[in-house]
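In what follows, a single structure is set out as structure tokens and then discussed.
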Amino acid sequence: QGEQIIKCLILGDYGRGKSWFASTFPDPICVLDFDDGKLSYMREAGKGKRIFVYNEMLDTKTPIQTRWSKLIAFLDEIITSNKEGFKTIVLDSTTTCTEWCMEQAITIKPLPANTPPIWNVHYPLVKTYMHQILTRLKKFQGNVICISHVEYDKDDTTGEIQATPSVSGKLKAIIPAYFDEVYFADVKPVAQGKTTKNQYQLLLAPQGYKKA
């Protein structure tokens, strides 16, 4: 039997173990590092994990359209040939990835200085760019771990507090739909003798509901 393939979205605040959890998946691991969090993954690489961090999208000296083309070509190469033999791809995080896509949208549809993005112009472009990235990740024949910072929404009917990706507009509902499972990462204080230590937790959102 082969290894089980998992494609999941992990929601959580900072310092809740999201990146650490992603680094425990089978290697070689490719990290799409939009958060510029290379050091957290390199700590695991120092323990013997084979981790490759792709962060060329952060090179502001290169035009963003060039960076976009290189990212898409890189993902297409992994999908078609995967010469490096990656078993896991991590996107860290959707929050900064959507901000990067917005930067590209504004480059395509420029704005006057100090003018906010136009709702029916720039946000649809961001949705399209994210779709192009996420559909490629879905095609990858291996594990896909997508990390998102979190926002909290209250259900007006039930009063229930729900965790949603920290992204704009309809992407809150759209992004989770690309994944088989949605997890909420949290930390729980646990008593150990006379001391208290933090225990990392992953809470599973019911499949099909897509909210944590």
Legend entry - Karplus-derived 3J(HN,Hα), 6.51/-1.76/1.60, for each residue of the range 49-60, Hz, glycine and proline x: 5, 8, 10, 10, 9, 9, 9, 5, 5, 8, 6, 5
Legend entry - Two-decimal ratio, the chain, of alpha-carbon radius of gyration to 2.2 N^0.38 Å: 1.07
Legend entry - Qualifying chymotrypsin sites (Phe, Trp or Tyr not before Pro) in the range 1-109, DSSP loop, other Cβ atoms within 10 Å at most 13: Tyr14
Inset, instruction - For the range 164-175, just list the computed ³J(HN,Hα) in residue order, Karplus coefficients 6.51, -1.76 and 1.60, θ = phi - 60°, integers in Hz, with x standing in for Gly and Pro. - result: 10, x, 7, 9, 8, x, 5, 4, 4, 8, 6, 4
Inset, instruction - From zero up to wherever the largest Cα-Cα distance of the range 97-204 sits, split into 10 Å bins and tell me the percent of pairs in each. - result: 12, 32, 29, 18, 7, 2, 0
Inset, instruction - Please report, as a whole percent, how much of the solvent-accessible surface of the range 77-212 comes from carbon and sulfur atoms (probe radius 1.4 Å). - result: 53 percent
Legend entry - Using θ = phi - 60° and Karplus 6.51 cos²θ - 1.76 cosθ + 1.60, couplings along the range 126-139 (whole Hz; Gly, Pro as x): 4, 4, 5, 5, 5, 4, 5, 6, 5, 5, 5, 5, 5, 7
Legend entry - Over the chain: helical MRE at 222 nm, DSSP H runs n ≥ 4 each giving -39500 (n - 2.57), nearest 500: -10000 deg cm²/dmol
Inset, instruction - Grab the beta carbon distance between Val190 and Ile79, set R0 = 35 Å, and tell me the FRET efficiency rounded to 0.05. - result: 0.25
Inset, instruction - Using a cut-off of under 16 Å, list every residue of the range 1-34 whose amide N is near the label point 7 Å from the Cα of Asp180 along the Cα-to-beta-carbon line. - result: 1-10, 25-26
Inset, instruction - For Asn198, list long-range residues whose amide hydrogen, built 1.01 Å from N in the peptide plane, is under 5 Å from its own amide hydrogen. - result: Val190
Legend entry - Placed amide H near Val31: partners under 5 Å, 5+ positions off or other chain: Phe52, Val53, Tyr54, Val90
Inset, instruction - Could you pull out every one of the lysines with an alpha carbon less than 29 Å from that of Lys87, ignoring same-chain neighbours closer than 8 positions? - result: Lys7, Lys18, Lys38, Lys47, Lys49, Lys70, Lys127, Lys138, Lys139, Lys172, Lys210, Lys211
Legend entry - Long-range HN-HN contacts of Val144 with modeled amide H, under 5 Å: Ile6, Lys7, Cys8, Ile89
Legend entry - trypsin sites (Lys or Arg not before Pro) within the range 22-90: DSSP coil, no more than 16 neighbouring Cβ in 10 Å: Lys47, Arg50, Lys61, Lys83
Inset, instruction - Would you mind classifying the range 1-86 by shape? Square roots of the alpha carbon gyration tensor eigenvalues, ordered a ≥ b ≥ c; an a/c under 1.5 is rounded, otherwise it is prolate if a/b is larger than b/c and oblate if not. - result: oblate
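The values are calculated or read from the model by the stated rules, or taken from the named source; none is laboratory data. Note that the structure is predicted; figures quoted are calculated from it, not measured. Cβ sites come from the backbone with ideal geometry, for glycine too, and all protein chains shown count toward neighbours. The protein model used for the area step is the full one, side chains on, heavy atoms only, and it has no ligands, DNA or RNA in it. Shrake-Rupley method; radii C 1.70, N 1.55, O 1.52, S 1.80 Å.
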